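Below: the structure, in structure tokens.
The values are calculated or read from the model by the stated rules, or taken from the named source; none is laboratory data. Keep in mind that what you see is a predicted model, and the values were worked out from it rather than measured. Cβ placement follows ideal geometry from the backbone for every residue including glycine, while neighbour counts extend to all protein chains displayed. SASA here: full protein model, heavy atoms, side chains in, ligands and nucleic acids out. Shrake-Rupley method; radii C 1.70, N 1.55, O 1.52, S 1.80 Å.
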There are 2 protein chains.
Amino acid sequence: MMRTATYFFIFLNLSLALFEEPAVYPLPFLATSVLEVLCLLVFLGRLTHFAKVTLHNVFWKDTKNICIMVAILLSLTDLAIYGVLRLYGVRSIRWSRIVRPIFLINFAESRQIRRAFRSIRNTLPEITYVFLLFMFSLLMFSLMALKLFGERNLQTAEGLPYFRNYLEIVFDLYVLVTTANSPDVMMPAFDFSSWYALFFIAFVIINTYIFMSLFLAVVYNNYKKHLKNEIRKLAYMKRRKMIEAFNLLKEQEGEQFVVREARWKQLVKLVAPDTSNSHRELLLRISDDKQKGFVDKKSFVQLADLLNIQVVTLKIRRHPLARWAPALYGSAPSRLLRGLVRHRVFVWTYDAIILINAVFIALDEESPYISYAEWVFLALYIVEILLKVYTYEPREFFGKTQFWNWFDTLIIFAALTATILNATLKSTMKYNSQQILDIVFILRVLRLIRIVDSIQRFRVIMNTLINIVPTMLTFGGLTLVVYCVFAIIGMELFHGKIQYFPANSNAPHALECGNPALKDSLFARGKYCKNNFNNFASSFIVLMELTVVNQWHVFANGFANVTAQPAKLYFIAFHIVMVIIIVNIFVSFILEAFFVEYSLEKSEVETAIEQKIQELGMGVQEDELQHEQLLDNMESAEHELEGEGGAKAQSKGLVFKIASKRYRTVDALLQRMFEAEIPLEDEGPSFEEILNLSPTSAVPRSPSSESGA
Amino acid sequence: MMRTATYFFIFLNLSLALFEEPAVYPLPFLATSVLEVLCLLVFLGRLTHFAKVTLHNVFWKDTKNICIMVAILLSLTDLAIYGVLRLYGVRSIRWSRIVRPIFLINFAESRQIRRAFRSIRNTLPEITYVFLLFMFSLLMFSLMALKLFGERNLQTAEGLPYFRNYLEIVFDLYVLVTTANSPDVMMPAFDFSSWYALFFIAFVIINTYIFMSLFLAVVYNNYKKHLKNEIRKLAYMKRRKMIEAFNLLKEQEGEQFVVREARWKQLVKLVAPDTSNSHRELLLRISDDKQKGFVDKKSFVQLADLLNIQVVTLKIRRHPLARWAPALYGSAPSRLLRGLVRHRVFVWTYDAIILINAVFIALDEESPYISYAEWVFLALYIVEILLKVYTYEPREFFGKTQFWNWFDTLIIFAALTATILNATLKSTMKYNSQQILDIVFILRVLRLIRIVDSIQRFRVIMNTLINIVPTMLTFGGLTLVVYCVFAIIGMELFHGKIQYFPANSNAPHALECGNPALKDSLFARGKYCKNNFNNFASSFIVLMELTVVNQWHVFANGFANVTAQPAKLYFIAFHIVMVIIIVNIFVSFILEAFFVEYSLEKSEVETAIEQKIQELGMGVQEDELQHEQLLDNMESAEHELEGEGGAKAQSKGLVFKIASKRYRTVDALLQRMFEAEIPLEDEGPSFEEILNLSPTSAVPRSPSSESGA
């Protein structure tokens, strides 16, 4: 709850920019400043809480706490100064707004974002060298361009002088590196002589292809190195803590020190209170393989890993209907129905229905038959869900891991609600709500995604993508921080310089975005007037377009025209930070996640658990499952047991199964990947050493090998 | 020579497209067809030669030979039909021209290109699945866009209807994936309602960022897998052949089989005739560590690796001047001069001169002082080279591995020649040749590159880049093949449809590229008329611009306007082949090369050689070298020995040193990387097994371990 509250206030603090001048939804200054003070007080409270629960010198050594304190102080000072000046009618800059993302980065809850920032910081030196070399190459090519084209009196397609001024050439060629002005910048020279194309070809090969790949290579290489190091640190830390726990709990047993069963169980109950009794019993059987009544050191150290592996307890539940109306549920027609639903033809039928639905969606909406057809499809989908719930156990159909079932059901019921709402509005008030219609359209199309899950090869790719989502949110956070800072600076620089007027407006200079300086510019001609920094939301959209890179020079030139030429530096800085660094980290992350997903096998500990499950006869035979369920609904593996799995395991009433790979996070995978590299006997370096491991040292100093007792 | 001749005829055959209709330099049909027949005959001859030297069934089993034969047959048939039809005045299509790149791919000399193609072929299935999923996502988003925006009566910036037709939406959104029409395609919807921006943001995140990264991930993953497999195959093959050689040469010696010294030497002389006696002796000492007079199996098998490691024999040559004029060369002023040149201040001085030169180049050319200054700089650079040659041994200064010395000298002397030529032309004929001036400008700027080599960190990056060059040529070949095929198809489709007129032309429709269909199109407005498929060279430049991606939709729409709408498929196909597949392979290759360069340590065999060199006291101490030469001219390591290295090794007159890492190719590095994974004892699978290793099986079946004798 504490965590949620902190996040809430962080985002409240960040979203204040929406209500402060220049605002999307204006609020009086008093309201926003009260809100800001409230947020700052909450942060201060959180910090005081930290200070109480952590050791004094640890707290003061931690740079993130210092950062938060400084940020709070700065914000308060700025707020006070701004408020006082405002009272006297002087307008100043709310510069402290750019420190707000610091709270997002530095609160302990957002460890992932901090790790990403650390990784960026560590990568910076290497990127800097490549960047300098790249700049050198850019400056050299610009010099060549100046000499080759400067005195030819050529003109661009807009009739402007072509390649006359050195700084402008550097900017134009920098834009060419991003490919945004690709053929245009070449055309005047190419028209003059075909041979000059060679200059641009050489430029693009060297700068766009080779240097940009080199940036990716450097970022990826460092990202991997630092990630591995952080995870190595965590793994050592975990092992060290487990050894300390063992030393606290150990008792002598013959020649060795061990932890007795009762104590062990007590511990597990304490640290993982929501583990079921049967699951705990299973873990004990694995740790105390020979049922000696105690757990030795080696097995004890593994406990954390054992607890981390998600073991699904497959309770062989009977369908509620089978309990309430056994005669009806067990009758021949009911059995036949359930058999049909389980049959693969059922899946195929619905795939065909989806395809037909797609055609209907694409057809014209006007014809009444088609809008009737929509009701038919909606009914068919609802029938499908009802049939599935009838056939499979409902609590398992809506299990935590049943992503697609949830997706389906939510989409269909949202569509149903929206369609009914729309129809009601239409018939009663003769009013067609555009928002609701839009939502209905989107939901209708989203239903079609289902078909992807029917094809095995697509499902594998989709699983990788779904697995990546949580860590992608980290990059969302990273992007948010960068966007916030740049949006606030952008609003200070460009606010109000460019106005948007609707197409039929007759305001002066409506076609030039309200600014005569933009007359005949590409910016005005491209009708980009709505891309401005007039409020926080618009700024975000502009920054998104700048991230996509294309036409960014048009933006840079446009905003430089309405302010001053150095304004281009803002756009170049954004390109370097966002595209060269953050997007490359994002790509590195996707590459790494993909490789890990494709290369990882089951871990040792997992194999041990699975073996034990099989030994105890409580396992689910993979082939048994496959036989019945077939390729097309592997997802529903857990419900299939009712009938045939029961034969063997129903005596105990429950079956274990290791949760399928698709629901693991990439972080967990990476952690396991590294842990496989540390031998079980290696206890790793001491606490001190771990904390002092430099983030760049790929291999820690020779780990101290202390003996068992 | 045979090899060079084959390459010559392959490129002659490919470049025939320059002279055939539509030609850059028109030649009569008879001339080009005679040349083509000549090329085909040469290929046939080469093939017959192959057939003679290889076994009958091996030759006929090899698909590449069959490919060549079919290609020759097709070309001849097509040529004959075309010639006959031409005689009767019927114009037909020379369709066989697109098979010409087959010769480049399939002749044994271009093994690298074949490997790249094999890698692409193996990657195709996986790419196809990702591509289908991507297409599904694209079609879904298009359907949503049709529903959301189709009935709003919106208009694009050009006043055309916006998002009305499903196929056009699919094309527009496909272009958005490549970011080429990034803000433009969004603006009408965004102007209508800000919320619609969310649709485009979601689209870009999913399709541009995630799917495009996924393509890179799939390509990279497969590229690495297949590369590793090919190299594994080669390594096993090598080891197997060495074992067979051992079995042929072995003699009994006590309990084991060995190869005696005399035979071993004979063998080395036979297989590596240009190895010096001393080098051979060194290798023997490594193979026969204890000087027993024979080489055992384990050492014998290593022979190929030993021979592959480039050992530089550092002959302690005296400077020619020291031999011819010892008194003068050894005199105090001469020694002082040489000392100065070796000093680091000498390097710094020239770095400063280069920087000042850069400023002068950027300044205006008109002032006479600056053109005099140019002569001064040229003189200074020439003096530098002369001084260096005076100080260091000339044959070593221009050694095979002295890239920068060669680079410097060539640039300076080319600049000298061109400048003198230009000055002569100017003073005698009052004529300023533009071509020569351009070359002079480029050479002047290129001289500045030298400064990069003075900074250690930049040198490391440059070395990686230089190392990559040879394999980059493979991608040049790959690109050439794809470009040739698409250029020939493009010429058939679009030849003559678009004309270029110089700016002051008053031809009809000069502003619409001679085609009224382009009136008001973005293509004509961007002045892209010179980008056309009217000859082979223009087509290449257009394809290059399409590879860079930006504005490709303007090209696609332009060419679709002047022919037919399905013409867009040509551009989409090119984008998929070139950008999604080949550019990604190129990026994968750069990434891999970079990682390998950064991660590889010295191999086991290399370490063994180095140890032996040190043991024999013939080594160059790394620290000794560093002491004298300092960081800034590590390159000239080999010349520094004259003075101080001699003290220890001059008795023998020669010193060995393992060639520095910078001149290794990536392929060699990869090979070593994998070989480090095979233990020395492992003899690998048998020949049959190696040849049958499927390209996808990452691990071969358990290798058969046959015993030594």
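Before we move on, is A:F190 aromatic (F, W, Y) and touching a residue at least 24 places away in the same chain (Cβ under 8 Å)? It would help to see each step written out before you state the result.
Details: aromatic (F, W, Y): yes; touching a residue at least 24 places away in the same chain (Cβ under 8 Å): no.
Here the answer is no, as A:F190 does not meet what is asked.
Starting from region B:437-451, keep only residues that are at positive phi, then list their pairs with residues that are outside any helix (DSSP H, G or I) whose Cβ atoms are within a distance under 6 Å, requiring at least 6 positions of separation or different chains.
From residues that are at positive phi, there are no pairs.
The rows are residues; the columns are (1) β-branched (V, I, T); (2) over 27 Å from the mean Cα position of the chain (by Cα).
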{"site": "A:R525", "(1), (2)": "no, yes"}
{"site": "A:N534", "(1), (2)": "no, yes"}
{"site": "A:I541", "(1), (2)": "yes, no"}
{"site": "A:T547", "(1), (2)": "yes, no"}
{"site": "A:S588", "(1), (2)": "no, no"}
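When you check A:A5 against the structure, is it in contact (Cβ under 8 Å) with a residue 24 or more places away in the chain and not in a helix (DSSP H, G or I), yes or no?
Details: in contact (Cβ under 8 Å) with a residue 24 or more places away in the chain: yes; not in a helix (DSSP H, G or I): no.
Judged against the criteria, A:A5 is not a match.
Of all strands (runs of 3 or more DSSP E) completely enclosed by region A:236-299, which ones contain at least 1 residues that are hydrophobic (A, V, I, L, M, F, W, C) and touching a residue at least 40 places away in the same chain (Cβ under 8 Å)?
Details: elements: A:251-253, A:256-260, A:294-296.
So the answer is A:256-260, A:294-296.
Got a sec? Which of B:L234, B:L248, B:L173 is touching a Phe, Trp or Tyr at 6+ places or on another chain (Cβ under 8 Å), aliphatic (A, V, I, L, M) and more than 12 Å from chain A (Cβ to nearest Cβ)?
Details: B:L234 fails: touching a Phe, Trp or Tyr at 6+ places or on another chain (Cβ under 8 Å); B:L248 fails: touching a Phe, Trp or Tyr at 6+ places or on another chain (Cβ under 8 Å).
None of the other options fit; the residue is B:L173.
What's the number of the condition B:K225 fails, among (1) more than 14 Å from every other protein chain (Cβ to nearest Cβ); (2) among the charged types (D, E, K, R); (3) part of a helix (DSSP H, G or I)?
(1)
Go through region A:189-205 and report how many residues are more than 20 Å from B:M462 (Cβ to Cβ) and facing chain B (nearest Cβ under 8 Å).
Kept after step one, since they are more than 20 Å from B:M462 (Cβ to Cβ), are these residues of region A:189-205: A:189-201.
From what's left, facing chain B (nearest Cβ under 8 Å): A:190-191, A:194, A:197, A:201.
Summing the residues that are more than 20 Å from B:M462 (Cβ to Cβ) and facing chain B (nearest Cβ under 8 Å) in region A:189-205 gives 5.
Being free of Cβ contacts under 8 Å to residues at least 40 places away in the same chain and surrounded by 14 or more Cβ atoms within 10 Å (Cβ to Cβ) is the requirement here; does A:H509 meet it? Give the derivation first.
Working: free of Cβ contacts under 8 Å to residues at least 40 places away in the same chain: yes; surrounded by 14 or more Cβ atoms within 10 Å (Cβ to Cβ): yes.
Yes: the conditions hold for A:H509.
Go through region A:1-10 residue by residue and tally those that are surrounded by 14 or more Cβ atoms within 10 Å (Cβ to Cβ) and over 14 Å from A:I98 (Cα atoms). Steps first, answer last, please.
Filtering region A:1-10 down to residues surrounded by 14 or more Cβ atoms within 10 Å (Cβ to Cβ) leaves A:6-7, A:9-10.
From what's left, over 14 Å from A:I98 (Cα atoms): A:6-7, A:9.
Qualifying residue count for the region: 3.
Among the residues of region A:103-118 satisfying the criterion of being touching a Lys or Arg at 6+ places or on another chain (Cβ under 9 Å) and either of a type in the set (D, E) or crowded, with 20+ Cβ neighbours inside 10 Å (or both), which is modelled with the highest pLDDT?
Within region A:103-118, the subset touching a Lys or Arg at 6+ places or on another chain (Cβ under 9 Å) is A:105-109, A:114.
Within this subset, residues satisfying the condition of being either of a type in the set (D, E) or crowded, with 20+ Cβ neighbours inside 10 Å (or both) are A:106-107, A:109.
Working: A:N106: 84, A:F107: 77, A:E109: 64.
Top of the filtered list is A:N106.
Check B:N57 against each of (1) surrounded by 12 or more Cβ atoms within 10 Å (Cβ to Cβ); (2) in a helix (DSSP H, G or I) and name the one condition it does not meet.
It is condition (1) that B:N57 fails.
Which residues, counting only those in region A:340-355, are more than 14 Å from chain B (Cβ to nearest Cβ), surrounded by 12 or more Cβ atoms within 10 Å (Cβ to Cβ) and not aromatic (F, W, Y)?
To start, the set of residues in region A:340-355 that are more than 14 Å from chain B (Cβ to nearest Cβ) comprises A:340-350, A:352-353.
Filter once more, so that each one left must be surrounded by 12 or more Cβ atoms within 10 Å (Cβ to Cβ): A:340-344, A:346-350, A:353.
Passing the criteria: A:L340, A:V341, A:R342, A:H343, A:R344, A:V347, A:T349, A:I353.
State yes or no: is A:A423 modelled with pLDDT of 85 or more and open to solvent by 20 Å² or more (accessible area, probe 1.4 Å)? I'd like the intermediate steps shown before the answer.
Working: modelled with pLDDT of 85 or more: no; open to solvent by 20 Å² or more (accessible area, probe 1.4 Å): yes.
Criteria not met by A:A423.
Tell me, please, whether a residue that is open to solvent by 40 Å² or more (accessible area, probe 1.4 Å), at pLDDT 90 or above and acidic (D, E) can be found in region B:158-166.
no
Which members of region A:121-180 meet the condition of being of a type in the set (D, E, K, R) and in a helix (DSSP H, G or I)? Lay out the reasoning, then the answer.
The initial filter retains those residues of region A:121-180 that are of a type in the set (D, E, K, R), namely A:121, A:126, A:147, A:151-152, A:158, A:164, A:168, A:172.
Residues satisfying the conditions are A:R121, A:E126, A:K147, A:E168, A:D172.
Can you tell me which residue among B:N532, B:N467, B:N504 is part of a loop (DSSP other than H, G, I, E, B), of a type in the set (S, T, N, Q) and buried (at least 18 other Cβ atoms within 10 Å of the Cβ)?
On the way: B:N467 fails: part of a loop (DSSP other than H, G, I, E, B); B:N504 fails: buried (at least 18 other Cβ atoms within 10 Å of the Cβ).
The match here is B:N532.
Suppose the filter is within 7 Å of another protein chain (Cβ to nearest Cβ) and farther than 22 Å from A:V554 by Cβ; does A:A157 pass it? Walk me through how you get there before you give the answer.
Details: within 7 Å of another protein chain (Cβ to nearest Cβ): yes; farther than 22 Å from A:V554 by Cβ: no.
No: the conditions fail for A:A157.
Quick one: would you say B:N532 is within 14 Å of another protein chain (Cβ to nearest Cβ) and in contact with a Ser or Thr (Cβ under 7 Å, 6 or more places away or on another chain)? Write out each step before concluding.
Values: within 14 Å of another protein chain (Cβ to nearest Cβ): yes; in contact with a Ser or Thr (Cβ under 7 Å, 6 or more places away or on another chain): yes.
Answer is yes for this residue.
Could you check B:D438 against (1) within 11 Å of chain A (Cβ to nearest Cβ); (2) surrounded by fewer than 18 Cβ atoms within 10 Å (Cβ to Cβ); (3) over 24 Å from B:T349 (Cβ atoms) and say which number it fails?
Among (1) within 11 Å of chain A (Cβ to nearest Cβ); (2) surrounded by fewer than 18 Cβ atoms within 10 Å (Cβ to Cβ); (3) over 24 Å from B:T349 (Cβ atoms), B:D438 violates only (2).
Using the structure shown, decide if B:F475 is closer than 28 Å to B:I541 by Cα, in a helix (DSSP H, G or I), more than 12 Å from every other protein chain (Cβ to nearest Cβ) and under 24 Å from the mean Cα position of the chain (by Cα).
Numbers: closer than 28 Å to B:I541 by Cα: yes; in a helix (DSSP H, G or I): yes; more than 12 Å from every other protein chain (Cβ to nearest Cβ): no; under 24 Å from the mean Cα position of the chain (by Cα): yes.
It is false that B:F475 is closer than 28 Å to B:I541 by Cα, in a helix (DSSP H, G or I), more than 12 Å from every other protein chain (Cβ to nearest Cβ) and under 24 Å from the mean Cα position of the chain (by Cα).
I'd like to check something: does region B:271-292 contain any residue that is over 23 Å from B:R239 (Cβ atoms), within 14 Å of chain A (Cβ to nearest Cβ) and not basic (K, R)?
No - not one qualifying residue is present in region B:271-292.
In the list B:V542, B:V605, B:V587, which residue meets the criterion of being within 14 Å of chain A (Cβ to nearest Cβ), in contact with a helix residue (DSSP H, G or I) (Cβ under 8 Å, 6 or more places away or on another chain) and at pLDDT below 90?
B:V587
Taking B:A414 as the residue in question, decide whether it is part of a helix (DSSP H, G or I), crowded, with 18+ Cβ neighbours inside 10 Å and of a type in the set (G, A, S). Break it down into steps so the answer makes sense when it comes.
Values: part of a helix (DSSP H, G or I): yes; crowded, with 18+ Cβ neighbours inside 10 Å: no; of a type in the set (G, A, S): yes.
It is false that B:A414 is part of a helix (DSSP H, G or I), crowded, with 18+ Cβ neighbours inside 10 Å and of a type in the set (G, A, S).
Among the residues of region B:94-136 satisfying the criterion of being more than 19 Å from B:V579 (Cα to Cα) and of a type in the set (S, T, Y), which is farthest from the other protein chains (Cβ to nearest Cβ)?
Result: B:S96.
Of everything in region B:514-529 that's within 12 Å of chain A (Cβ to nearest Cβ) and part of a loop (DSSP other than H, G, I, E, B), which residue is surrounded by the fewest Cβ atoms within 10 Å (Cβ to Cβ)?
Applying the first criterion (within 12 Å of chain A (Cβ to nearest Cβ)) to region B:514-529 yields B:522-529.
Those left that are additionally part of a loop (DSSP other than H, G, I, E, B): B:526-529.
Values: B:G526: 17, B:K527: 22, B:Y528: 27, B:C529: 23.
The residue in question is B:G526.
Tell me yes or no: at least one residue of region B:547-562 is part of a helix (DSSP H, G or I), out of contact with any helix residue (DSSP H, G or I) (no Cβ under 9 Å at 6 or more places or on another chain) and more than 10 Å from chain A (Cβ to nearest Cβ).
Let us first name the residues in region B:547-562 that are part of a helix (DSSP H, G or I), namely B:547-548, B:552-562.
Retained after the next criterion (residues that are out of contact with any helix residue (DSSP H, G or I) (no Cβ under 9 Å at 6 or more places or on another chain)): none.
No; the residues of region B:547-562 include none that is part of a helix (DSSP H, G or I), out of contact with any helix residue (DSSP H, G or I) (no Cβ under 9 Å at 6 or more places or on another chain) and more than 10 Å from chain A (Cβ to nearest Cβ).
Condition first: open to solvent by 70 Å² or more (accessible area, probe 1.4 Å) and free of Cβ contacts under 8 Å to residues at least 40 places away in the same chain. Now tell me which residues in region B:361-382 satisfy that. Talk me through it step by step, then tell me what you get.
Just the residues of region B:361-382 that are open to solvent by 70 Å² or more (accessible area, probe 1.4 Å), to begin with: B:363-364, B:366, B:368-369, B:372, B:375-376.
Of everything in region B:361-382, those that are open to solvent by 70 Å² or more (accessible area, probe 1.4 Å) and free of Cβ contacts under 8 Å to residues at least 40 places away in the same chain turn out to be B:L363, B:D364, B:E366, B:P368, B:Y369, B:Y372, B:V376.
What about B:T208, is it surrounded by fewer than 19 Cβ atoms within 10 Å (Cβ to Cβ), of a type in the set (S, T, N, Q), within 16 Å of A:E545 (Cβ to Cβ) and at the interface with another protein chain (Cβ under 10 Å from one of its Cβ atoms)?
Working: surrounded by fewer than 19 Cβ atoms within 10 Å (Cβ to Cβ): yes; of a type in the set (S, T, N, Q): yes; within 16 Å of A:E545 (Cβ to Cβ): yes; at the interface with another protein chain (Cβ under 10 Å from one of its Cβ atoms): yes.
Yes, satisfied.
Anything in region B:217-230 that is of a type in the set (A, V, I, L, M, F, W, C) and open to solvent by 10 Å² or more (accessible area, probe 1.4 Å)? List them, or say none.
At the first step, the residues of region B:217-230 found to be of a type in the set (A, V, I, L, M, F, W, C) are B:217-219, B:227.
Hit for region B:217-230 is B:L227, nothing else.
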